[in-house]
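As structure tokens, the structure follows; a few thoughts come after it.
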Amino acid sequence: MRRLIAACLAASALLAGCSDSDGGSRPLQVTDELTAATPATSPPTTTEPAGRVVPAPPADHTVVLPEQHTLALAGADRASITLFDTRAIEQPPRTVDLPAPAASLRPVRGGQALLAALPAANAVAEIDLASGRVHRTAVSGGPVDALPVADKLFVARPQAKDVAILRDGEIQRRVDGFPGAHELLRRGSTVVVLDRLTTSLTPLDIDTGDKQPALRAGEGATRAVTDRFGRVLVVDTRGAEIMAFSTEPLIMKQRSPAGGSPYGLAYDPAQDLAWVTLTARNELVGYDTATGQAEQSHRVPTVRQPESVAVNPETGTRYIASAAGAGLQVVRK
């Protein structure tokens, strides 16, 4: 019955998403008091975390840059990023100061730099890994994610309830109707927007910025990544599921249970594994996504409050960061 109800909601959302792309309608809106899903508060750990744990500040975002042998951590409580050398993870990391805490981290320039959205500073910053220099671009509206595509920069701005498209630092277009825009993903000829408040996915045409039909993504989607099959993988924290959507057109292809408050998400293209952290259980679960239905294939105990995970596609090493200051966990293949 639950799956039938969810399917009906998705169908209703698709119809709603076909409305005028920049109109005043509120597609996928089901209440005036929308609340984004959040990770569960983890209990104390009762099992020794797998692998090795090294000291690290609390982190909400974890990004690995294999080309630079670098792991980057960012936290909502500090205006800096922490950089570990993955060849000597036990060595003290570097710290690069930022104008404000980073709400997202994304590798750019072939892994030589990081792009960070800084909502409290109304800015997007590019951090050069070699020099530590920070180049700041002013973007109003509390940006929480930024995605460069050719000569454009797509910016999710929940305070402005839109996605702004910039060129040469200037806003060229605003695509309205995103009260909880949180993550942006490139897929084919579109940029897919994950909205946490409407718990939906909406593709935007890269060339025109026009909206394409949207789909509801579970009961409380929080994180999303792309995989090598042209899909978008989504964690539904509130609905306790992991979902897979094909794109162009946007269609839900898979949904699998993920009990334990799933939150952090990373994808290993070499093994076709989606790694999901479960904050209610202090666990990391690996899902084999290569078949018609995602199946659990790995399960390991983690540090407390595991809210972010990254995987090195070259080695399969997983990095799990605690949002409670319990350290950085390194689990090798």
Under 20 Å from the mean Cα position of the chain (by Cα), within 27 Å of Ala266 (Cβ to Cβ) and not basic (Lys, Arg): does that describe Gly141? no
Out of everything in the range 179-188 that is more than 14 Å from Leu233 (Cα to Cα) and at pLDDT 95 or above, what residue ends up being nearest to the chain's Cα centre (by Cα)? His182
Please tell me if Arg255 is among the charged types (D, E, K, R), more than 22 Å from Val331 (Cα to Cα), crowded, with 17+ Cβ neighbours inside 10 Å and over 16 Å from the mean Cα position of the chain (by Cα). yes
Unique residue being in contact (Cβ under 8 Å) with a residue 12 or more places away in the chain, small (Gly, Ala, Ser), touching a Leu at 6+ places or on another chain (Cβ under 9 Å) and on the phi < 0 side of the Ramachandran plot when the list is Gly264, Gly292: Gly264
Yes or no: the range 107-126 includes at least one residue that is open to solvent by 50 Å² or more (accessible area, probe 1.4 Å) and closer than 28 Å to Leu284 by Cα. yes
Which is closer than 24 Å to Lys253 by Cα and acidic (Asp, Glu), of Glu314, Glu283, Glu307, Glu295? Glu295
If a residue has to be open to solvent by less than 30 Å² (accessible area, probe 1.4 Å) and outside any strand (DSSP E or B) to count, how many in the range 260-283 make the cut? 5
Per the filter on the range 284-311, residues part of a loop (DSSP other than H, G, I, E, B) and surrounded by fewer than 21 Cβ atoms within 10 Å (Cβ to Cβ) are Ala290, Thr291, Gly292, Gln293, Arg304
Does the range 292-313 include one or more residues that are farther than 21 Å from Gly259 by Cβ and in contact with a Pro (Cβ under 6 Å, 6 or more places away or on another chain)? yes
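The values are calculated or read from the model by the stated rules, or taken from the named source; none is laboratory data. Just so it is clear, the structure is predicted and the values come from calculations on it, not from any experiment. For neighbour counting, all protein chains shown are included, and Cβ atoms are generated from backbone atoms with ideal geometry for every residue, glycine included. When the accessible area is computed, the model is the full protein with side chains, heavy atoms only, and any ligands, DNA or RNA have been set aside. Shrake-Rupley method; radii C 1.70, N 1.55, O 1.52, S 1.80 Å.
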